[in-house]
Amino acid sequence: MFFLNLSLGEFLALLGGLSGIVTALYLLDRTKRKKVVSSLRFWVAAPRVDEQQRRKRIREPWSLILQLVSLLLLLLAIGQLEWGSRENAGRNHVIVLDTSSWMARSSGKGTILDAAKKRARDYARRLPASDRVMLIRAEGIATPVTAFSNDRKQLLRAIDASKASYAALNLKSALTLAYHALKWSNAQTGEIVFVGGTRVANWDDEDVSVPRLRVLNVAPEQSDDIGIRRVSVTRDASANDLWLASVAVRNYAKSAHTVRVALQFASTRFAPRTLTLDPGTEGEAEYKFTTTGAGTLTASINSRDDLPLDDRVQLELPSAARLRVAVYSNRASAWQPLLESDPHVQGLYLPPSQYSASPPADVMILDGITPSAAPLIPSLWIAPPRDHSPAPVATIQKNALLSHWNAETPLAAGLHAKELHLNETEIFQKVGGDTAVALTDQGPVVVARTASDGNARLVEIGFDPLYGPLKYEVSTPLLFGNILRWLEPEALRTTELTATGVGSASVLLDQGESAQKFRVVDERGFAVPFTVRNGMLQLYAEHPSIVKIIAPDRERVLSLTLPGIGTFHWKPASTVSRDLPAAGWFGSSAVDLWKWLAVLGGLGLLIEWLLFGKQRPIRWRPSSVLRRHAARDERELVER
Amino acid sequence: MREPLLDSSFLERLERLTLNWEKSFPGLLGGHNPSRFAGPGQEFLDHRLFHQGDDLRAVNWRAYMRLERLFLKMFQVEPRVPVRIMLDISNSMTAGHAQGEPSKFEVSRRIAAALCYVGLVRLDTITLQPFADKLFDPFLCGGGRHRFQPAEEFLRLLRPHGKTDFFHAVRQFNTEYAQRGLLIVISDFMDEQDCLRPLQYLADFGHELHLVQIWGGEDRVPSGKGELELTDVESGDVLTLGFDEESLKEYTARFDRYADEVRSFAQRNGGRYASVPAGASLEETVFGSLIRSRSVV
């Protein structure tokens, strides 16, 4: 028993003072009661109580006792009297509920998560009612679900509403969050209770620990799970229609298993591969297949384990489209070797007389001709007639030396090493947003113009690259490759598809790839936040999703649809409590009595007023026996 | 609008009652109810509604043919036995009633009004005589129910004042009223002096006394206990005493004994006695206590 607001001395002093005042008021109130009567004749004759003797005693002592007791109760209520041990009063606890993908495993009746929920509920029920609990759901990230509250219904609802996610458990962040929440809660510190499995995503989580930790492990010791970890599909660089696929399978079980990997594209099934996997190891099955069409690639394994989510994965492959180039030239035979050396390019050779502003192609080449109408698709102009060049021709230079490549534009990538001798070339004047790609000492000889005002992109070359020694230069196909990629980047962009687990994803970048050139978007086109560190692009997906990492020349598609499963085992320290606390382990917390005391105090004063107050509705009346006798006598008196 | 002392429906019920006395007073008519009405040839006075038991010969059949209601013809009879109502209006009548009860003064006025109406209906001559330590101005009425309104107004205008002094009041009464008759005394009989002795003078004079004792709940069973400071409402005397249940018991017994004395006195002198608690309704008082005591029949 203790007072929250008053010391015992203060309480007694206050009680004594108020009791003195109440007693004095009581004695003052209980002085002679005045009464006006019809006659004194019967009063004079009635037997009198000795007044002196009566004054020595307190009249209506129950009134005074009721007042004093009520006063005592009200003072105790003001002092917020509590009964019990104060040490156990109002502690804060944190329940960290593992909702990682591993918890979706079936286990007898229901999933492991169901068992974890039951353990969490059991723990919550053993806590004293005054203790407050915060619930944190732990998966790839840790999310506080409830604040510290002693509302058990809210807590149980939050526990019941928890669902297994697709991400692996990031234990360290969850326990760190719980620890800091407990530390900053400014209350009696309780426990951090982890309820879940021990499979964690990161190796440094294996020995993570925080003070006052209790672990309620619900995952079975034995696990027979085998699952697909990753599926990668890339287009082969040597052939536009050749795909390379690899399926990585991991054995999470503690014994070796043989698993058969099946791969199917559209309706075509490939020969299955058999992998024998030691405990905790991964194996890969590789496939090569040819297709130009789009379709669904499905990889599956024949494992019949408790977690079917990672036994099958699908990827949508795009069609193997090539860049179609319409060449309006009188020398088609000169263009064919150049364009057909690249399997990703398909040439369409047409005489200038069949010119169309919008041919069935992605890019057109205008070889020294004057088009009847401005092209509606990206175009490459070769030595355009001086009077009809989109970029004004300043002059024509003979025996020019191409001495400078503009390294700031991708059109000149890899072309900065060697000077080229040009027999004759047009020198352009830059207009507006034109970009000079190659220059002689007199001016630009290759200019590029971005799309504007309804006009498509175009590049102008002031000289003939297929004429003379230039066609033997390495720079020529490089320049054409750069120009075609710049004119229609979509068509020449390489595609890599990878299916991997939900949660954190990392992509190894090539050297020289800059984060500023990336766009990372989800399947709806919304930007996805990412970081680039140590040559790795890292991003996080909370839910199954498809993320595209789009660079100028390649596109990586991450299908984050496999459940992220931790590959490391957490080993809690031996000192950590590992079971539900016994009943009464927390001790009984102090019971707050002030409400009851206030009610009793008020009730006491009400009763006192009803029975003894001057304006009391319940007047003092003679005893029941006397009243009965008086009533009988009254009847006799009236009826005689 | 002032509320009447008696409402019309109650007055209607009173019409079947008669003031009753036992004595025969020499030289006066009445005293026995059968001879109350004169025979034919007497002076017509009034009509009243016919009630069961009335003489059919006195029914006004002409009025019945016109109005289809039975009216009884009444005739003036002289001289009659005088009926006097002594009404105590001393200050003691304003004290002693319990919470929720009307004051004794209020009850006594209403009883006096009821008895006056009963007498008027039966063509008695009524004298309303208020008193305290002396007699105050009386009100004489007679001649039928239509004279009741002035009597009621007289009663309404009465105000309690003065100290009860039966001795002086009786002596004055005997001086002023030489003719014997029915004397109804409505009082609480709370006189510091002995009130029975003056009343004995009245009985000895030849009046038939009907004593109506009105008492309040606090008069008989006072509330409160402990140290009491009592003030006599009439004299202003103060008495301080300790009071407990035992004292209360004795007090009530003494009050009852006193009421018994008053009752015995009345009966011993051939009169009537009615004990009326202030908390009782007027109907219960008239049709209960007064009929039981045969003050009215």
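Each reported figure results from applying straightforward, stated rules to the coordinates on display, with no laboratory input. Values in this document were obtained by computation on a predicted structure and should not be read as measured data. Reconstructed Cβ throughout: ideal geometry from the backbone, glycine too, with neighbour counts over all protein chains shown.
Can you give the mean number of other chain Cβ atoms that lie within 10 Å of the Cβ atoms in peptide B:255-262? Provide the component values of the computation, followed by the final result.
Details: counts 8, 5, 1, 3, 6, 3, 0, 0.
Mean partner shielding for this stretch: 3.
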I'd like the antiparallel share, as a percent to the nearest 5, of DSSP beta bridges with both residues in chain A. 65
Assigned charges on the beta-carbon of Lys, Arg, Asp, Glu; chain A dipole about Cα centre (debye): 6320
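Would you please give the FRET efficiency between B:GLU3 and A:LEU12, computed as 1/(1 + (r/R0)^6) with r the Cβ-Cβ distance and R0 = 60 Å, to the nearest 0.05? Show your work: numbers first, answer last.
Working: r = 62 Å, r/R0 = 1.03.
E between B:GLU3 and A:LEU12, to the nearest 0.05, is 0.45.
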Shape call for region A:405-447, from the Cα gyration tensor axes a ≥ b ≥ c (a/c under 1.5 means rounded, otherwise prolate when a/b beats b/c, else oblate), comes out oblate
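In the structure displayed, which of A:LYS117/A:LYS254; A:LYS153/A:LYS183; B:LYS104/B:LYS249; B:LYS23/B:LYS249; A:LYS595/B:LYS225; A:LYS34/B:LYS104 lie more than 28 Å apart, Cα to Cα? Please report the intermediate quantities before stating the final value.
Working: A:LYS117/A:LYS254 26 Å; A:LYS153/A:LYS183 25 Å; B:LYS104/B:LYS249 23 Å; B:LYS23/B:LYS249 39 Å; A:LYS595/B:LYS225 37 Å; A:LYS34/B:LYS104 21 Å.
Beyond 28 Å: B:LYS23/B:LYS249; A:LYS595/B:LYS225.
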Tell me, what ³J(HN,Hα) does each residue in region B:252-257 have, in order and in whole Hz, if you take phi through Karplus 6.51 cos²θ - 1.76 cosθ + 1.60 with θ = phi - 60° and put x for Gly and Pro? 5, 4, 5, 4, 5, 5
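Compute, for region A:493-549, the length of the dipole vector about the Cα centre, with Cβ point charges of +1 (Lys, Arg) and -1 (Asp, Glu) only. Units Debye, rounded to 20.
Working: 6 positive and 6 negative charges, 34 e Å.
My answer is approximately 160 debye.
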Check A:ALA187: other-chain or 5+ apart residues with amide H under 5 Å from its amide H, H built from backbone geometry? none
Find the centroid of the Cα atoms in region B:218-268 and in region A:538-552, then give the distance between the two in whole Å. 104
Check which residues have an amide H placed less than 5 Å from A:ARG230's amide H, if you skip close sequence neighbours. A:ALA248
Along the charge dipole of region B:79-292, pointing to its positive end and built from +1/-1 on Cβ of Lys, Arg, Asp and Glu, which listed residue (B:SER223, B:THR94, B:VAL83) has its Cα farthest out? B:VAL83
Whole-Hz Karplus couplings 3J(HN,Hα) for region A:156-164, θ = phi - 60° and coefficients 6.51, -1.76, 1.60, Gly and Pro as x, run 5, 4, 5, 5, 5, 7, 6, 10, 5
Shape of the protein assembly as shown from its Cα gyration tensor (a ≥ b ≥ c, root eigenvalues): rounded if a/c is under 1.5, otherwise prolate when a/b > b/c, or oblate? prolate
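In the neighborhood of A:ALA161, defined by Cβ-to-Cβ distances under 12 Å, what is the net charge if each Lys or Arg adds +1 and each Asp or Glu adds -1? Walk me through the numbers on the way to the answer.
Numbers: positive: A:LYS117, A:ARG137, A:ARG157, A:LYS163; negative: A:ASP160.
In short, +3.
With Cβ to Cβ distances under 15 Å as the rule, what net charge do the other residues near B:ARG171 carry (K, R +1; D, E -1)?
On the way: positive: B:LYS134, B:ARG197; negative: B:ASP133, B:ASP165, B:GLU176, B:ASP191, B:ASP194, B:ASP204.
Around B:ARG171, the charge tally is -4.
By the scheme Lys and Arg +1, Asp and Glu -1, what is the net charge of all other residues having a beta-carbon under 13 Å from that of A:ALA178?
Values: positive: A:ARG137, A:LYS172, A:LYS183, A:ARG212, A:ARG214; negative: A:ASP98, A:GLU191.
Result for the local shell: +3.
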Considering only C-alpha atoms, what is the centroid distance from region B:169-192 to region A:254-316, in Å? 130
Could you work out how far apart the two model spin labels at A:SER545 and B:SER264 are, taking each label as a point 7 Å from the Cα in the direction of the beta carbon, and quote it in nm? 11.2
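Mind checking the mean number of beta-carbon atoms from other chains within 10 Å of the Cβ atoms in B:214-223? The partial results should precede the final answer.
Numbers: counts 0, 4, 2, 2, 4, 4, 5, 8, 6, 6.
Per-residue shielding by partner chains comes out at 4.
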Bins of 5 Å from zero: percent of alpha-carbon pairs in region A:493-549: 4, 17, 31, 30, 15, 4, 0
May I ask for the distance between the Cα centers of region A:407-467 and region B:114-168, given as a whole number of Å? 139
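Among the trypsin sites (Lys or Arg not before Pro) within region B:72-139, which fall in a DSSP loop and have no more than 14 other Cβ atoms within 10 Å of their own Cβ? List each step's numbers first, then the result.
Details: sites: B:LYS73, B:ARG80, B:ARG84, B:LYS104, B:ARG109, B:ARG110, B:ARG122, B:LYS134; in loops: B:ARG122, B:LYS134.
Of the trypsin sites (Lys or Arg not before Pro), the ones in loops of region B:72-139 whose Cβ has at most 14 other Cβ atoms within 10 Å are B:LYS134.
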Cut-off under 5 Å, modelled amide H: who pairs with A:PHE463 long-range: A:ALA383, A:GLU426
Given 0.36 nm per residue, what is the gain on full extension from A:VAL69 to A:THR268 after removing their alpha carbon distance, in nm? 62.5 nm
Ellipticity estimate at 222 nm from DSSP helix runs (n ≥ 4, -39,500 (n - 2.57)) divided over chain A, nearest 500: -7500 deg cm²/dmol
For region A:443-545, listing chymotrypsin sites (Phe, Trp or Tyr not before Pro) in a DSSP loop whose Cβ sees at most 11 other Cβ atoms within 10 Å gives A:PHE526
Loop trypsin sites (Lys or Arg not before Pro), region A:128-188 (other Cβ atoms within 10 Å of the site Cβ: 13 or fewer; DSSP): A:LYS163
If a/c stays under 1.5 just call it rounded; otherwise compare a/b with b/c (prolate if a/b is bigger, oblate if not). Do that for region A:323-491, with a ≥ b ≥ c from the square roots of the Cα gyration tensor eigenvalues. rounded
Residue with peak Gaussian network fluctuation, chain B [Cα springs, cutoff 10 Å], from B:ASP165, B:ASP55, B:ASP188: B:ASP55
Cα-projected label distance for B:ARG159 with A:ALA407, points at 7 Å along beta-carbon direction, nm: 12.7
Once phi is turned into ³J(HN,Hα) by the Karplus curve 6.51 cos²θ - 1.76 cosθ + 1.60 with θ = phi - 60°, what whole-Hz value does each residue of region A:350-356 show in order, with x for glycine and proline? 9, x, x, 5, 9, 4, 9
Where labels lie 7 Å past Cα in the beta-carbon direction, separation of A:ALA394 and A:LEU348 in nm: 3.7
